[in-house]
Amino acid sequence: MTQSSQLLRHRRSVMDQISAAAVAYNQDFTHKTILVGDSGVGKTSLLVQFDQGKFIPGSFSATVGIGFTIWDTAGQERFRSVTHAYYRDAQALLLLYDITSKSSFDNTRAWLTEIHEYAQNDVVIMLLGNKSDMASARVIRREEGEKLAREYGVIFLETSAKTGLNVDEAFMTVGKELVRRSVQLPVEHRFHLHDVMPPEKEPSVCCSFR
Ligand SMILES: Nc1nc2c(ncn2[C@@H]2O[C@H](COP(=O)(O)OP(=O)(O)OP(=O)(O)O)[C@@H](O)[C@H]2O)c(=O)[nH]1
C-alpha cells in the first residue's frame, strides 16, 4: 500500500463530513473529487496538508489514483490515459498549477480542454495556484490565475500545501458547491448547509459555474 493510500484510509476530512451529511438526506448522493495538474505542482502535498494538517517535504512517488472520495492523480504523461478514465464519474476536479512554474500554468489550458472532453458537463472545477509561499520564485501573478479562471468560469484560489494557506478553503468551497447542487432535489430530500458547517469566508474569486 502506498503512503498516500494509507493516509486516505485514515483521513478525517471535511469532505467526508459533507458527504456523510448529504448521504443522510439523500441515499443517492455520492461524489468523487480528483486532483489533477502537471507533475510536481503539489497535488499529493495538498492532499496530505488537507488530511493531516502538515507538510512533508520532498516528492512522493507518482501516484496513479487512490482512495475513494478524493482521488490524487499523477501528473506524468505516461499516466494520462488512466487519468482520462477517472474523469468520467468525477463530480469535482481540483486543477493545480505551480506559481513558480510557467509551464505548469500554461498547461492548465490543456488540462481544461481534456476535462471538458472527458468529464461530466456539470463537474465542479477549481483552479488552484499552489506553492504561494514561494514568493521570491513566483513567475505567475495572482491576477493571471484569476483571469484564466474567469475565462473558463471556474473558481480560483492560491494555495500553499506547505503553510496550509487556503487548503481547507479549497476543499470546503468544492464541498459547498457539491452540496448546493445536491439541493436541486425535491424539497423533502433537502438539507441545510448550516446544519453541517459554519459559515466560511468566500474565496477571493468566485465565478459562475458552467
Ligand atoms: N514550497 C512549497 N513546496 C511544495 C508545495 N507543494 C508541494 N511542494 C513540493 O513540490 C514537490 C512536488 O510535490 P508533490 O506533492 O509530490 O507533487 P505532485 O503534483 O503530487 O507530483 P506527481 O505525483 O509527480 O504528479 C515536492 O518537493 C513538495 O515538497 C507548496 O505549497 N510549497
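Of all residues in the stretch 81-99, count the ones that are open to solvent by less than 40 Å² (accessible area, probe 1.4 Å) and either in contact (Cβ under 8 Å) with a residue 40 or more places away in the chain or in contact with a Ser or Thr (Cβ under 8 Å, 6 or more places away or on another chain) (or both). Write out each step before concluding.
Quick first cut of the stretch 81-99, residues open to solvent by less than 40 Å² (accessible area, probe 1.4 Å) only: 83-84, 86-87, 90, 92-99.
Remaining after also requiring either in contact (Cβ under 8 Å) with a residue 40 or more places away in the chain or in contact with a Ser or Thr (Cβ under 8 Å, 6 or more places away or on another chain) (or both): 83, 86-87, 90, 92-99.
Counting residues in the stretch 81-99 that are open to solvent by less than 40 Å² (accessible area, probe 1.4 Å) and either in contact (Cβ under 8 Å) with a residue 40 or more places away in the chain or in contact with a Ser or Thr (Cβ under 8 Å, 6 or more places away or on another chain) (or both) gives 12.
Identify, by number, the condition in (1) part of a loop (DSSP other than H, G, I, E, B); (2) among the polar types (S, T, N, Q); (3) modelled with pLDDT of 65 or more that SER45 doesn't meet.
(1)
Which residues, counting only those in the stretch 127-148, are of a type in the set (Asp, Glu) and within 16 Å of the ligand (Cβ to nearest atom)?
Scanning the stretch 127-148 gives a single hit, ASP133.
Any chance you could count how many residues in the stretch 112-145 are at pLDDT below 95 and touching an Asp or Glu at 6+ places or on another chain (Cβ under 8 Å)?
To start, the set of residues in the stretch 112-145 that are at pLDDT below 95 comprises 112-126.
Filter once more, so that each one left must be touching an Asp or Glu at 6+ places or on another chain (Cβ under 8 Å): 120, 124.
Residues meeting the conditions: 2.
Considering only residues that are closer than 18 Å to THR44 by Cβ and of a type in the set (Phe, Trp, Tyr), which ones fall in the stretch 140-180?
PHE171
Answer with yes or no whether VAL124 is buried (at least 23 other Cβ atoms within 10 Å of the Cβ) and within 16 Å of the ligand (Cβ to nearest atom).
Details: buried (at least 23 other Cβ atoms within 10 Å of the Cβ): yes; within 16 Å of the ligand (Cβ to nearest atom): no.
The answer is no for VAL124.
Could you check how many residues of the stretch 159-177 are open to solvent by less than 10 Å² (accessible area, probe 1.4 Å) and either touching a Leu at 6+ places or on another chain (Cβ under 9 Å) or at pLDDT 95 or above (or both)? First the steps, then the outcome.
Our first condition is that a residue be open to solvent by less than 10 Å² (accessible area, probe 1.4 Å); within the stretch 159-177, this holds for 159-161, 167, 170-171, 174-175.
Now narrow it down to the ones that are either touching a Leu at 6+ places or on another chain (Cβ under 9 Å) or at pLDDT 95 or above (or both): 159-161, 167, 170-171, 174.
The number of residues fulfilling the criteria is 7.
The values are calculated or read from the model by the stated rules, or taken from the named source; none is laboratory data. What you are looking at is a predicted structure, and each value in this text was computed from that prediction instead of being measured. All Cβ positions, glycine included, derive from the backbone under ideal geometry; neighbour counts span all protein chains shown. These accessible areas exclude ligands, DNA and RNA; they are computed on the full protein's heavy atoms, side chains included. Shrake-Rupley method; radii C 1.70, N 1.55, O 1.52, S 1.80 Å.
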